[in-house]
Structure formats: C-alpha cells, structure tokens
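In what follows, a single structure is set out as structure tokens and then discussed.
The values are calculated or read from the model by the stated rules, or taken from the named source; none is laboratory data. Computed from a predicted structure; not experimentally measured. Methodologically, a virtual Cβ is constructed for each residue, glycine included, from the backbone with ideal geometry; neighbour enumeration extends over all protein chains shown.
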Amino acid sequence: MYLFISVKQQVNNITEVLSGLSAQIESMQKTIDSQHATICQVNRISQRQLKEIHDLKRLFGKKDKENEELRKRLSQYEEPPKNSGNSSTPPSKESRKDEIIRRTKSLRKPSGKKSGGQPWHEGSTLGMSDAVDGIVEERAEYCDGCGESLADCKTELDYITQTISLPELKPLITEVRHYVTICRTCGKRVKSHPERRRSNAVVYDVSVKGLVVYLSAVQFLPYNRIVSFFKEVFGLEVSQGSMVNCGSTRLRKLPHLPLKR
C-alpha cells in the first residue's frame, strides 16, 4: 500500500516536472522566434546599409574624378602657358596657336544684343566728295534697239557715282648730283654738301625711314614681315640691317626727356 502511494506520488511529480519543462520550452521557443525575427530585421538593415555604403563609394569615386578634372582646368588659369600676353616672351617666339588666339581674340565684352545692326541704330554711308581728281563720262555708243550710232544724240544725266582708289605705290628715285664750285676770285673749291662717306651712294630718305619706324614701333611688326611688306607693296628690297639703322637713327634724334619720379 505504501509502495503504491509512493509510486503514484512520484508519477504526479514527474507530470508536474514535464508540465514545467514544456512551459519553459515553449517560452524558450518564443524567445528564439523573437530573436530570429530580430536577427532577420538586423540582416535586412545591414544589407540596406551595405548597399547605401556601396552607392556612396561609387558617388565619391565620381566626385573624385570631377574634382581632378576641375583641378586640371583650374591649373590652366593659375599657371597658364607663357605667351606674349602674360609674360615677357616676345610675340616672335610664341607658338603659332598662341599667336592666332592673340590676334583673333576680341577684347570686347558681350553686350547680350543680337549681332548686326540694331533697330534704333541710324545707318551711315560714304558721302560724296566735292573735290574729285578725275571725271569719267559713261555713254552708250550704239542703240540697243535699232543698232544706229548715238554719237550726235542728246544725252541726259541719269545718276553720279564716285569710286575711291589708291594711287600706284612705287618708289620715287631721285638722283642728286653734288657739284664743287670754283671761285673765280680766289680759286677755292666750295662744296654745299658734306664729304662723301663710304658705301652711301644710295640712301633712304625720311619717308622710308619713318615708315619703317612706324611699322616696327607702333604696329609691332617684326623686321622680316616689314621686309616682305616693302618688297610686295613697293618693290623695294630693304635689308633688316638697314631697318635697324633706321630705328636707331630716329631714336638718337628724339629729345632726351627727364625721368618722372
């Protein structure tokens, strides 16, 4: 009897223990499920953050390339190639590309207006001159209807036009003959001219020297282009040495002005 009661009591205790274990297992399963959901959520957030990090890296790489290009463009303005406009390099030694840019670049600032004549701008044209150097009369010689001569027919003035042209550019060569006059009273040989220098049988006058100085000092043309200009326009072959002498002669004749302090 006592044995049966003891076994029954043990059996009841095992049931309670199993019930408690089942409750604990169920609680642990809920905890595991909650932690699994949390882990899944954390993984999703991590994947999204990894994607954002990858996008940011790609964006930063693109920005780095843009910054590098901007630095290269900025360096062209901070340290541009030297030419006659930003350094002491003479125009004759700069590159052909820099020379073309310097000669064709406009110094005018854009006004925002359309190119061409503006609606409110008054037009202008060449006016006729009262002092003309010559008159050419244009008349028809034969009738285009019957073919008869119009030599003695009456004419009426239709309109007048004027043509502006340049005279023929050719050098004027003047031969100067220097004479020695002998005085009939005392027999002295009198000269109105200085002694002849060596190799000065042909010289250039002030008009040629002045044009050389103007083209060189005012228009800033190099001597080789001035040589080409004289040869093509006037037919004169002036050497560069003669041009240097022209410039130095004109500079020596300038008055010495005091320096401003």
Exactly one condition in (1) surrounded by 10 or more Cβ atoms within 10 Å (Cβ to Cβ); (2) polar (S, T, N, Q); (3) free of Cβ contacts under 8 Å to residues at least 12 places away in the same chain is false for THR163; which is it?
(1)
Those helices (runs of 4 or more DSSP H) completely within region 173-261 that have 1 or more residues that are touching a Leu at 6+ places or on another chain (Cβ under 7 Å) and modelled with pLDDT of 90 or more are 223-229
Could you please let me know if ARG108 is surrounded by 10 or more Cβ atoms within 10 Å (Cβ to Cβ), of a type outside the set (Gly, Ala, Ser) and within 17 Å of the chain's Cα centre (by Cα)?
no
Is there a residue being more than 20 Å from the chain's Cα centre (by Cα) and farther than 30 Å from LEU221 by Cα anywhere in region 164-174?
no
Does GLU94 qualify as being surrounded by 10 or more Cβ atoms within 10 Å (Cβ to Cβ), closer than 30 Å to LEU236 by Cβ and either among the acidic types (Asp, Glu) or touching a residue at least 24 places away in the same chain (Cβ under 8 Å) (or both)?
yes
Within region 211-238, work out how many residues are touching a helix residue (DSSP H, G or I) at 6+ places or on another chain (Cβ under 8 Å) and in contact (Cβ under 8 Å) with a residue 24 or more places away in the chain.
8
Taking region 176-210 and keeping only residues that are free of Cβ contacts under 8 Å to residues at least 12 places away in the same chain and in contact with a Cys (Cβ under 7 Å, 6 or more places away or on another chain), one is left with VAL190
